[in-house]
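Data block below; observations after.
Nothing in this text is a laboratory measurement; each read-out follows from the coordinates by a stated rule. All of these numbers come straight from a predicted model, not from anything done at the bench. In this analysis, Cβ positions are derived from the backbone assuming ideal geometry, glycine residues included, and neighbour counts consider all displayed protein chains.
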């Protein structure tokens with residue numbers, strides 16, 4: 001007997017270079033699935049090399065969703081992702097296919113699984129003031145300002161995480177209260193999803209091996225002309241700036257700095273690798289804080305077979 005008559009879905013989370021794309025495609029082929037990207041960079045058109053976006057050949061005929069849906073000058077939020085993902089999951093299930101969510105933007109997944117906090121809407125005037133202050137003083141200075149008023153939030157942000165620093169300062173200026181206090185006050189039981197979800201966390205047993213993969217991937221991006229891609233984006237979108245969320249993605253920020261002449265090629269590689277390793281570290285920190293995950297070593301031989309076997313049990317209603 002199945003443990004639930006509700007529809008099913010599978011999610012694959014993990015740090016960058018953990019092999020999520022290949023496992024997701026293998027699952028989709030085995031279980032007649034469609035893939036929904038959980039990646040804040042893959043949504044952008046024209047950003048293929050630096051995001052390691054799977055090519056049409058690599059997708060092997062599997063339908064992928066939430067890839068190439070907006071221009072790099074546009075914004076995409078966790079709230080919009082949640083709405084899009086819930087709609088797509090229902091549509092895929094209605095086609096009698098398995099929804100497979102895959103990616104590493106943990107905030108998006110948290111929004112999907114737990115719902116959204118009731119924080120104030122954006123205030124464009126306040127945001128503009130913060131951007132002006134950042135231009136004059138730099139984001140590390142604003143990070144220090146945030147640390148004085150909201151140390152809990154500042155502690156989990158990098159000094160150059162402009163998007164999140166700006167949002168935290170904006171919330172304080174609008175409400176007079178730290179974002180961390182509002183989040184704690186707004187804490188509520190997670191929303192119940194209308195389907196059963198099996199969530200894998202692909203985690204490396206050896207961080208050094210993951211770092212080797214990251215280096216190989218970044219070098220491949222440079223070899224595939226990441227710089228030419230950013231040049232093309234700058235020509236195609238004249239309003240694009242390094243402060244757009246798309247250009248704050250790892251690799252793109254450093255490529256922009258190189259093209260502006262502020263760093264040389266060695267620094268481009270060194271800083272790009274460091275930023276990618278930091279991203280992986282943050283992703284793993286998110287994963288360690290999450291409950292109800294099926295954790296699996298992404299470096300083990302036969303990874304796809306292991307994930308497939310557990311998924312088979314899940315779909316049959318058997319214990320993993």
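Observations
- Inter-part distance, the stretch 208-284 to the stretch 75-152, computed on C-alpha centroids, equals 21 Å.
- Between the helical axis of 78-94 and the longest alpha-carbon principal axis of the chain there is an angle of about 20 degrees.
- Length-normalised contact order for the stretch 70-229 - Cα pairs under 8 Å, 6+ apart - percent: 20 percent
- For 76, 135, 252, the sequence from fewest to most other C-beta atoms within 10 Å is 135, 76, 252.
- For the chain, the longest principal axis of the Cα atoms and the long axis of helix 207-223 meet at an angle of about 70 degrees.
- As a rough footprinting exposure proxy, the listed residues 23, 63, 192 were ranked by other beta carbons within 10 Å of their own, and the order from fewest upward is 192, 63, 23.
- Label-to-label distance, nm, for residues given as residue 55 and residue 160 (7 Å Cα→Cβ offset): 3.0 nm
- Remark: 40, 246, 289 ranked as 289, 40, 246, counting other beta-carbon atoms within 10 Å and listing the fewest first.
- Calculated from the alpha-carbon coordinates, the stretch 124-185 shows an Rg and a Dmax of 10.6, 34 Å respectively.
- Angle of helix 20-31 to the longest C-alpha principal axis of the chain, folded into 0 to 90 degrees and rounded to 10: 30°.
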